[in-house]
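The values are calculated or read from the model by the stated rules, or taken from the named source; none is laboratory data. In this text, all values refer to a predicted model and were calculated from it rather than measured experimentally. Using ideal geometry, Cβ is built from the backbone for each residue, glycine included, and neighbour counts are taken over all protein chains shown. Ligands, DNA and RNA are excluded from the accessible area calculation, which covers all protein heavy atoms including side chains. Shrake-Rupley method; radii C 1.70, N 1.55, O 1.52, S 1.80 Å.
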Amino acid sequence: MTTHGDSATSAGAPAVAARTGATTGPDQPAHAAEGLPAALTGLRSAIGAARFPLALPSAEPARHAATSLTDQLDDYLLPRLARLDAPLLVVVGGSTGAGKSTLVNSLVQARVSTAGVLRPTTRSPVLVCSPSDASWFRQGELLPGLTRTTEPSEQPGTLHLVTAPALPPGLAFLDAPDIDSVVDANRALAGQLLAAADLWLFVTTAARYADAVPWELLRSARARGTAVAMVLDRVPPEAADEVAAHLSEMLAEQELGAAPLFVLPETWVDGQGLLPDRITAPLSDWFTRLAADADARAAVVRQTLDGALAALHPVVEELAEAADEQCTAADALDERVRAAYRGAERTVDQGLRDGRLLRGEVLARWQEFIGTGEFFRGLEARIGRLRDRVVAAVTGRPAPAAELRTAIESQLVTLLRGVADEAAENAYTGWKAHPAGAALLEPDLAHAAADLPQRAEQLVRDWQRGVLELVRVEGGDRRFVARTAAYAVNATGLVVMIGVFASTAFIPTGLEVAAGTGTAVAGQTVLQAIFGDQAVRNLSRKARVDLLDRVGKLLAEEAERFLARTEAERPADNAGAALRWAALEVERARHRSGLFPATEQPRARKAP
């Protein structure tokens, strides 16, 4: 059996209500708070729109805080503002085995909540009210996420409603699950219910009053300005004064010294499992007076309501900072990817400038195509003779032309595959070093896409066709036609491609001369002989720009493999600003409502 003692110590009249400074009762005009529900609804929307998907240290706390705020808005703030004159809800909370259910049963003089030695005993919360108040709690405006039931239930998400004729109107008790329950869902529900309380009645024992978990919640109550009363249960008579004094000191240290404290000594329960009336009389009398005094109840409601509203701002600011961190992290991840692929584009650009693409197979096929020995010996001959040799090479040596084009394609594809793989590796490494990026990675991102070789080959073939089309378009000029009528477009296009590989303006560098053995000079001379100096520059510039544009698009497609992941997780850029603005609107509405003691006018900010 549960044991209790023989004496009780009372904290006196409902002092909780007197601390608020509010003097208006439940007949406060409804329009006084009409702006607050709209502001709170706006805040709820802003919280719902804020997302914290990226794996940052602040993400999980922010998600938890957002859920808690949403629950408090839905479970308490909005329904309570809609009905300031609704019955006062006292949520009875405490540690496992503190005797909460026994105390509730004793206060309402009926066995309404199951008490026993098995833990956790309270599986679904039990709300006890006067029969005249049942309609308010049955409607579900308070704690709307819980399904009402008139029978005990072990189903999660249920609220067992019980009426007790001995309980006066205007007051209701909610027996919550243990705040330190071994069941995670029970602990979470206990926290949710405590956030929906007008008054927290904390029950602890002489053996457990210094436990850490209750004090964490009591500090939370203090931070939110919630009205609190304490019950120290199962106190041995010989230790009552000492334990009560120590608990009072602890409350004072936590700035909760004004909270009423009731000490219930050890005693035996009767056959109904109820405490003797003489033990609970001080606490029962305190609640009876509170229930009978509309102004006192209204003051308690306003104290808790005002405290909850005032506490919103710092929590919302933390959410806004977390939302800003999400956007900053997404931008940082995107920049690491873009930097990697910008580097790849620079590598391609440099490869077109430094002559590296003229080495190996391309150089061999170019020399074979143009007739190396005779060609270079003829550089000092007349331009007409040079054109004749080019014509002979084009018309009489078709195989070398095809081989040169293939070599150009192979060399470019090799370059593109290399830079794409390097960019993917750099982006992957950059993300891996970032906590948010590491969570988004998959092994296949460490390399270029599987179809990159095929797309690179298609890109080069399309570019080569584009160069030939460019030569044809330039041939629309009469002067150009007159000069090139005898020359094959394909051969001219190949010379343009070789020129692009060497340098934009055909000004050879030491690397180009070493790599191409004068190839750039040869290409320049051929094209100038055919088109003229300005045409050389225009053709090479256009072909080069076209190639780099195509490469840029290819690499952008590769970068999108990363960027699509951040885009899918990216929160709205203005989420933080929207949260701050919504919180400011709540502060303004709170200030204008006239429901609470005077508060400092919040500073204006720009709307998001």
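Do any helices (runs of 4 or more DSSP H) entirely within region 125-227 hold 3 or more residues that are in contact with a Leu (Cβ under 9 Å, 6 or more places away or on another chain) and closer than 19 Å to Leu78 by Cβ, and if so, which?
Details: elements: 134-138, 184-194, 212-224.
Passing ranges, in order: 134-138, 184-194.
If the Cβ limit is 7 Å and pairs must be 6+ apart or interchain, which residue in region 167-185 that is modelled with pLDDT of 90 or more pairs with which residue that is surrounded by fewer than 17 Cβ atoms within 10 Å (Cβ to Cβ)?
Pro168/Thr288; Pro168/Ala292; Pro169/Ser132
Is at least one residue of region 277-291 open to solvent by 70 Å² or more (accessible area, probe 1.4 Å) and of a type in the set (Phe, Trp, Tyr)?
Checking region 277-291: not a single residue is open to solvent by 70 Å² or more (accessible area, probe 1.4 Å) and of a type in the set (Phe, Trp, Tyr).
On the given criteria, is Arg219 surrounded by fewer than 23 Cβ atoms within 10 Å (Cβ to Cβ), of a type in the set (Lys, Arg), under 25 Å from Val300 (Cα atoms) and touching a residue at least 40 places away in the same chain (Cβ under 8 Å)?
No.
When both residues are 6+ apart or on different chains and their Cβ atoms are under 9 Å apart, which pairs have a first residue that lies in region 262-274 and is on the phi > 0 side of the Ramachandran plot, and a second that is among the hydroxyl-bearing types (Ser, Thr, Tyr) and open to solvent by less than 70 Å² (accessible area, probe 1.4 Å)?
Gly273/Thr2; Gly273/Ser101; Gly273/Thr102; Gly273/Ser106
Looking for whichever is modelled with pLDDT under 60 and part of a loop (DSSP other than H, G, I, E, B) here; the options are Ala392, Ala381. Which one fits?
Values: Ala392 fails: part of a loop (DSSP other than H, G, I, E, B).
Just one listed residue meets the conditions, Ala381.
Sort out which residues of region 297-344 are hydroxyl-bearing (Ser, Thr, Tyr) and either surrounded by fewer than 23 Cβ atoms within 10 Å (Cβ to Cβ) or modelled with pLDDT of 95 or more (or both), and write them in order of number.
Going residue by residue through region 297-344, those that are hydroxyl-bearing (Ser, Thr, Tyr) are 304, 328, 341.
Those that are hydroxyl-bearing (Ser, Thr, Tyr) and either surrounded by fewer than 23 Cβ atoms within 10 Å (Cβ to Cβ) or modelled with pLDDT of 95 or more (or both): Thr328, Tyr341.
Among the residues of region 245-265, how many are aliphatic (A, V, I, L, M), assigned to a helix (DSSP H, G or I) and open to solvent by 20 Å² or more (accessible area, probe 1.4 Å)?
Filtering region 245-265 down to residues aliphatic (A, V, I, L, M) leaves 245, 247, 250-252, 256, 258-259, 261, 263-264.
Still in the list and also assigned to a helix (DSSP H, G or I): 245, 247, 250-252.
In the following step, the residues that additionally are open to solvent by 20 Å² or more (accessible area, probe 1.4 Å) were identified as 245, 250, 252.
Selection size over region 245-265: 3.
How many of the residues in region 179-198 are open to solvent by 10 Å² or more (accessible area, probe 1.4 Å) and over 27 Å from the mean Cα position of the chain (by Cα)? Spell out how you get there, then give the answer.
Step one: list which residues in region 179-198 are open to solvent by 10 Å² or more (accessible area, probe 1.4 Å), which gives 179-180, 182-189, 191-192, 195.
If we keep only those that are over 27 Å from the mean Cα position of the chain (by Cα) too, we end up with 179-180, 182-183.
So the answer is 4.
In region 53-68, how many are open to solvent by 10 Å² or more (accessible area, probe 1.4 Å) and hydrophobic (A, V, I, L, M, F, W, C)?
Step one: list which residues in region 53-68 are open to solvent by 10 Å² or more (accessible area, probe 1.4 Å), which gives 53, 55-58, 60-61, 63-68.
Restricting the remaining residues to those that are hydrophobic (A, V, I, L, M, F, W, C) gives 55-56, 65-66.
Result for region 53-68: 4.
The rows are residues; the columns are (1) under 44 Å from the mean Cα position of the chain (by Cα); (2) under 15 Å from Gly99 (Cβ atoms); (3) hydrophobic (A, V, I, L, M, F, W, C).
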site: Ala239; (1), (2), (3): no, no, yes
site: Glu249; (1), (2), (3): yes, no, no
site: Val269; (1), (2), (3): no, yes, yes
site: Pro276; (1), (2), (3): no, yes, no
site: Ile279; (1), (2), (3): no, yes, yes
site: Leu283; (1), (2), (3): no, yes, yes
site: Ala298; (1), (2), (3): yes, no, yes
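Taking region 22-49 as the region of interest, how many residues are at pLDDT 95 or above and assigned to a loop (DSSP other than H, G, I, E, B)?
The total comes to 0.
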